């Protein structure tokens, strides 16, 4: 499996049902954290050691007078050359050869949190304040190595997420962008060459989430 | 003709699936290895058949919608050359997996290879399904009737698959609500859940056709009272199960592929589920498909 | 729904108004999407840009409470531009009926109004009749007193400019919607409307829906696939609970509840049974006596006899004009007149309008029984905010019940499909199925009355044998009783005129066989056929779809008589041929000639509205068989507030006058006047329009969802959505804690400042609107906030008494340091 | 040669005669041993599937519940792919239906009673609760029974007891519920449809 896996997230099909966010917690045994409404339907407000996947909501005026309302189901992109690994010289972070998943080991508690986080163009890594260990999406490593698709992909009711061998996913992304561009000239896949979690958007990426396309 | 690349791909997919089964349940290694060569050979056999196997098939929509399979009273044509090609492809593959019966297999192989009318000679024994005629033929060839029956049933399948390949597109999109195959009318061997929604598909034991069927209904007696149905599974492998029907006492094994990155090749599924056949048969249930190789696992 | 969920796929234009289906009925969008994939237009009309708007082709905003102007403008557009379906309205509606001379409409009031009683004398709106008793008609639609001309006149005032100056919808948006929707007036096109509480929760709720019915009749959209008027009901079985008559004014099957002036069975039956002199009208309600007597036989069994009027006197009677609906119930409770209270699977402390009054009412009870699967703000009201348990005398019994998968029975969805659910497991702990609790409680009460008590007859005589051999509640027994039995051996004619014999104890095949002489029973005539000799039809799971329209006639069972699209006789022309041959819901097939004799023809497709041949043949009938006249009612003389919908402002509104007339609010509404019944309009202290809605993660008052940590994590707290302009005006930043108040109460909420709300331009005024969910409550989560129903007014529609929760006046202020 | 479908099935199936792997020289011992081991360590589970309809909104989506027969616990609830309305899809609430069952620790599982002026619940038995409620129904009813209205017409009703609910019940529960309340003489009978 030289090329590993990829996940396609087609935001044009996402209805923000948050099934992926909930199933991530369910599979990984992460608690429902205590949240507050902070002036948005987006919740929890940010990734944390207990939240590895969140649906970002963003809205604003658009040219035709009606608002736009975009949803962006965010998680670790599992970069092909992970910026977060620059600091990890002693195997604290592993990039699995077969799958391509970027895995944070318990040894990440010894890493420089700030430097690791700064190294990630998408600002994904988070630290458990107690144990100091770093956490993020594992691509459901325990599932995919047992021939099972990631929990979030499994849960998606609208088929907005697809998991598969990377070349196939790239092909699918290309075809879908082509289809969407007929109606949305701005349709594109975000950094497909650099990341394994490939988002398709049909508007400027920044309109979905400030770091949708990286820093 | 199918390209070599496709062959290799199919062969690899079958081998990968079998490896996955062995890795998951090492105890199945013996059974898996017995069938490995045969499955690969069978995947090629269909493409070695030169004739289409049928003529002038038109779908009678009224009959079809009432549950009459396409091939109900039509003939399948098998030509001598193709028969011989298929036989000489499959028998050696069986030999590799079943070394303990190679004496019988060798006799059968040479009979097919040397006797031009082998096909016609075998036909009456098999057509009637009569144990006596089959037994007589086996005696004539000097082999065990069980082995003769096993081999012939395997030889017949590629011809059915060939016909299925042509008929399947003709019935695509048509509603079929029965538990037997819309193409050939045979019973299914395995039930597979697919797609995000987990629609259930039944796999024909003879022609390999796959069709959608209600999740909570027994394919064999159409009982949909779920209090008379039971699912058994191992806690370690929740995506594999046997569905038992207390109404007709039949069962079918099943595989939920929704969670799986690369679902096993359909032809390998029954082998990986054989432990469920054991569990179901021990409880007095019989497989619904008459063509199962795994009918008598408990004695 | 006159149609059903899957049928949305057959539509060419779907108007979602008064509903946010994408958030609240998410799976409905699957079928909306299928229609869109085939080229249908989706229109969303809503004060707020919703998830549904985000998927729509056309979005138009409107101020809450101005649906009648919006739709009245559409009626005018259809008439002015001849977009109506002429054949349909002439043959199938009362457009041609001549209205009597006493009918009049002046400055917002119809004739016959009595300001003292705030009611209309509806006899002023009667049709003119021939000497033989048939309604006079002008099929040319030219007579100035015909319904069509009166309709034209009535809505001539609803110009786009006038509508826009009331609703705040830009004129170009109005015209976009009108044009798109009116295009379904051709015979090949179908338009459907999806509505929910956004239409019903108003003082003009029924007339909102009436406006749309008129549009659907004008466009020929009733009875056809992809058409209809579709109420998206909010609870899984609110259709079934309405069918079963869990409302003060109806018995099961929508039979009118008996009043004290109808002293005996005969006068009651006469009063509820309409008549017609027109032989073309089927007037199906003429059968109501059969259904009522059969109902009484289900109530009282053998104890109901001809001699004792089948137990009619055992039914409690309402006084004439007595209204015991929700708002009156809690008014009586607040006034201390109600001592005992059952809150069975309901949480009125959060769901009732003016919830503070509801909560105060609960303190005045002697006892309450609360049944639920989770603890809730009603059962635990005595420890809620502002309550001191020491001062509250109410005894509370909180009984744990089974969840949906822990018992067996049927529920009826919005499309009228009664679907059977099976039991998967036993309920946890001491929890019990509701059915068992009923049986045990009534057995116990009956035991007490055997030793004496007031008027014990109905208690002792109620047929109450709904348990199996183990003494457990048996839903199959009830289902059979609801369907009905033959009570003696009998021979009857089937619909084709053949004799059929039944034995005592046989299940009745369908309501056509029910009798008025006590020889049949049926607990709810519209469910007769749901469980008969073929078995439990509600449990059917066969997927044949012969019409290919998605009717699935053998999947579950739909009332009435498994008809999937009601009024389907209006989907065909006078010869019984479908208006749109590509979507034939029903079709008349002529009989073949056999031995020189022509066989009778027959209907194919869906179950037609009655067996009669099409109108062009001898014995043919009009399509709207539940109407005594047999025709669709463009003119509706039966409602409390007028035969045509007319715009009135909500009881609380932001404008100083009604632009269309000097009648400011609905003249027929009842306004409570107690100390907690406050209402204010155009009061500078409450300058903004408020409305309520739901979110996907929570359901109704949130009792089933607020106890689920992951759903709470995603939607944790009470919020109020408002425009950027309003936020600026009030100095509120996104995410700040604010106070939303009405004259009745206040709630804390987090401000969500959004472009999805925009201020409305109403004449010279700028009107701001805010919206809040009503899914929160003080109990859980701990800092989740309170119910928006603390703010809503307890004033109801004059026909239904459904409260006006969708349009009321509020203020929004920043809480200093309230982050 | 040509073979009819019927003959064909005979060939490929050899009707009636089972094929035993052991007769083909394959040792099925390890397979049986594996199956035996599963049973020994109690890994083999038996489940029953039931179909149900979602209890939230009135779209009427179908679901399939799988319950462990021995433990009497729900293992899984998923969309019913055969249901013509939802075709297996579910919204966020429906997908979480599992959380309304015994799997949610917040479910009410006890009969509770709050006495007048008390600030706490007491746990009670069903028998006690049903008896006490029945007594209160009778006494409130008998004390407040209205035989005739102000015009002297017989009305035989009780206005001092009210009932609301419920759109969450099954049809088969609703019917006896309204019958029982009407037999008791109640006229304040309402539910969610009114709000």
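The values are calculated or read from the model by the stated rules, or taken from the named source; none is laboratory data. What you see is a predicted model, and the numbers here were worked out from it, not measured in a lab. With ideal geometry, Cβ positions are generated from the backbone for all residues, glycine too; neighbour counts draw on all protein chains shown.
Looking at D:33, D:47, which is the one that is at the interface with chain B (Cβ under 7 Å from one of its Cβ atoms), within 30 Å of residue D:20 (Cβ to Cβ) and surrounded by fewer than 18 Cβ atoms within 10 Å (Cβ to Cβ)? Before you say what the answer is, go through the steps one by one.
Values: D:47 fails: surrounded by fewer than 18 Cβ atoms within 10 Å (Cβ to Cβ).
Within the list D:33, D:47, the selection yields D:33.
For the range C:238-279, how many residues are surrounded by 24 or more Cβ atoms within 10 Å (Cβ to Cβ) and either modelled with pLDDT under 95 or within 12 Å of the chain's Cα centre (by Cα) (or both)?
5
Mind counting the residues in the range C:5-32 that are over 18 Å from residue D:56 (Cβ atoms) and in contact with a strand residue (DSSP E or B) (Cβ under 9 Å, 6 or more places away or on another chain)?
Applying the first criterion (over 18 Å from residue D:56 (Cβ atoms)) to the range C:5-32 yields C:6-18, C:32.
So of that shortlist, the ones also in contact with a strand residue (DSSP E or B) (Cβ under 9 Å, 6 or more places away or on another chain) come out as C:7-8, C:10-18, C:32.
Within the range C:5-32, residues that are over 18 Å from residue D:56 (Cβ atoms) and in contact with a strand residue (DSSP E or B) (Cβ under 9 Å, 6 or more places away or on another chain) number 12.
Within the group D:133, D:189, which residue is part of a strand (DSSP E or B) and at the interface with chain C (Cβ under 7 Å from one of its Cβ atoms)?
Only one candidate passes the filter, namely D:189.
Of everything in the range A:31-74, what is part of a loop (DSSP other than H, G, I, E, B) and touching a helix residue (DSSP H, G or I) at 6+ places or on another chain (Cβ under 7 Å)? Give them in sequence order.
Residues of the range A:31-74 part of a loop (DSSP other than H, G, I, E, B): A:31-47, A:49-50, A:52-53, A:62-66.
The answer is A:32, A:33, A:35, A:43, A:44, A:52, A:53.
Residues in the range C:523-550 that are part of a loop (DSSP other than H, G, I, E, B), surrounded by fewer than 24 Cβ atoms within 10 Å (Cβ to Cβ) and in contact with a strand residue (DSSP E or B) (Cβ under 7 Å, 6 or more places away or on another chain): how many?
So the answer is 5.
Have a look at C:783, C:764 and point out the one that is modelled with pLDDT under 95, surrounded by fewer than 24 Cβ atoms within 10 Å (Cβ to Cβ) and within 14 Å of chain A (Cβ to nearest Cβ). Can you show your working first?
Details: C:764 fails: within 14 Å of chain A (Cβ to nearest Cβ).
After applying the criteria, what remains is C:783.
With respect to residue C:55, determine if the residue is free of Cβ contacts under 8 Å to residues at least 40 places away in the same chain and within 14 Å of chain D (Cβ to nearest Cβ).
No.
Scan the range B:131-153 residue by residue and report those that are closer than 22 Å to residue B:85 by Cβ and either modelled with pLDDT under 85 or part of a helix (DSSP H, G or I) (or both). Can you show your working first?
Step one: filter the range B:131-153 for residues closer than 22 Å to residue B:85 by Cβ, giving B:137, B:141, B:143, B:147-153.
Answer for the range B:131-153, where residues must be closer than 22 Å to residue B:85 by Cβ and either modelled with pLDDT under 85 or part of a helix (DSSP H, G or I) (or both): B:137, B:141, B:147, B:148, B:149, B:150, B:151, B:152, B:153.
Among the residues of the range B:21-38, is any within 24 Å of residue B:156 (Cα to Cα) and away from every other protein chain (no Cβ under 13 Å)?
yes
Can you confirm whether the range C:643-653 contains a residue that is within 24 Å of residue C:104 (Cβ to Cβ) and part of a strand (DSSP E or B)?
Taking the range C:643-653 and keeping what is within 24 Å of residue C:104 (Cβ to Cβ), we get C:643-649.
Now drop any that are not part of a strand (DSSP E or B), which leaves C:649.
So far as the range C:643-653 goes, yes, one or more of its residues are within 24 Å of residue C:104 (Cβ to Cβ) and part of a strand (DSSP E or B).
Within the range D:125-177, track down each residue that is surrounded by fewer than 17 Cβ atoms within 10 Å (Cβ to Cβ) and at positive phi.
D:152
State which residue is farthest from residue D:145 (Cα to Cα) when the search covers only the range C:459-501 and only residues that are within 11 Å of chain D (Cβ to nearest Cβ) and assigned to a loop (DSSP other than H, G, I, E, B).
Among those that are within 11 Å of chain D (Cβ to nearest Cβ) and assigned to a loop (DSSP other than H, G, I, E, B), it is C:474.
Looking only at the range A:22-43, which residues are more than 7 Å from every other protein chain (Cβ to nearest Cβ) and under 23 Å from residue D:78 (Cα atoms)?
Result: A:23, A:24, A:26, A:27, A:28, A:29, A:30, A:31.
Would you check if residue C:428 is in contact with a strand residue (DSSP E or B) (Cβ under 9 Å, 6 or more places away or on another chain) and assigned to a helix (DSSP H, G or I)?
Answer is no for this residue.
In the range C:492-542, what count of residues is obtained for those that are under 30 Å from residue D:50 (Cβ atoms) and free of Cβ contacts under 8 Å to residues at least 12 places away in the same chain?
Result for the range C:492-542: 2.
Go through the range D:87-130 and count every residue that is more than 14 Å from chain B (Cβ to nearest Cβ), assigned to a helix (DSSP H, G or I) and within 17 Å of residue D:61 (Cβ to Cβ).
Final tally of qualifying residues: 6.
Taking into account only those residues within the range C:470-516 that are farther than 19 Å from residue C:536 by Cβ and in contact with a helix residue (DSSP H, G or I) (Cβ under 7 Å, 6 or more places away or on another chain), which is modelled with the lowest pLDDT?
C:495
Which count do you get for residues in the range A:1-29 that are part of a loop (DSSP other than H, G, I, E, B) and either in contact with a strand residue (DSSP E or B) (Cβ under 6 Å, 6 or more places away or on another chain) or surrounded by 18 or more Cβ atoms within 10 Å (Cβ to Cβ) (or both)?
Here the count works out to 6.
(1) farther than 19 Å from residue D:82 by Cα; (2) outside the structural domain of residue B:79 (by TED's automatic domain parsing); (3) in contact with a helix residue (DSSP H, G or I) (Cβ under 9 Å, 6 or more places away or on another chain): which one isn't true of residue B:238, the others all being true?
Checking residue B:238 against (1) farther than 19 Å from residue D:82 by Cα; (2) outside the structural domain of residue B:79 (by TED's automatic domain parsing); (3) in contact with a helix residue (DSSP H, G or I) (Cβ under 9 Å, 6 or more places away or on another chain), the one that fails is (3).
Please go through the range C:262-284 and give me each residue that is within 11 Å of chain D (Cβ to nearest Cβ) and in contact with a helix residue (DSSP H, G or I) (Cβ under 8 Å, 6 or more places away or on another chain), ordered by number. Even if it seems obvious, please write down each step before you answer.
From the range C:262-284, those within 11 Å of chain D (Cβ to nearest Cβ) are C:262-264; that's our starting set.
The answer is C:262, C:264.
What tally of residues in the range D:79-104 results from selecting those that are crowded, with 22+ Cβ neighbours inside 10 Å, under 15 Å from the mean Cα position of the chain (by Cα) and more than 12 Å from residue C:424 (Cα to Cα)?
3
Just for the range C:416-439: of the residues that are at the interface with chain D (Cβ under 7 Å from one of its Cβ atoms) and farther than 27 Å from residue D:105 by Cβ, which one is surrounded by the most Cβ atoms within 10 Å (Cβ to Cβ)?
Among them, the one singled out is C:418.
Could you check the range C:155-228 for helices (runs of 4 or more DSSP H) lying wholly inside it with 2 or more residues that are at pLDDT 95 or above and either within 18 Å of the chain's Cα centre (by Cα) or closer than 23 Å to residue C:668 by Cα (or both)?
Here the list reads C:160-167, C:197-200, C:205-218.
Please verify whether residue C:608 is modelled with pLDDT of 95 or more and touching a helix residue (DSSP H, G or I) at 6+ places or on another chain (Cβ under 8 Å), treating the condition exactly as stated.
yes
Can you pull out every residue in the range C:551-584 that is buried (at least 21 other Cβ atoms within 10 Å of the Cβ), more than 23 Å from the chain's Cα centre (by Cα), in a loop (DSSP other than H, G, I, E, B) and within 14 Å of another protein chain (Cβ to nearest Cβ)?
Result: C:552, single match.
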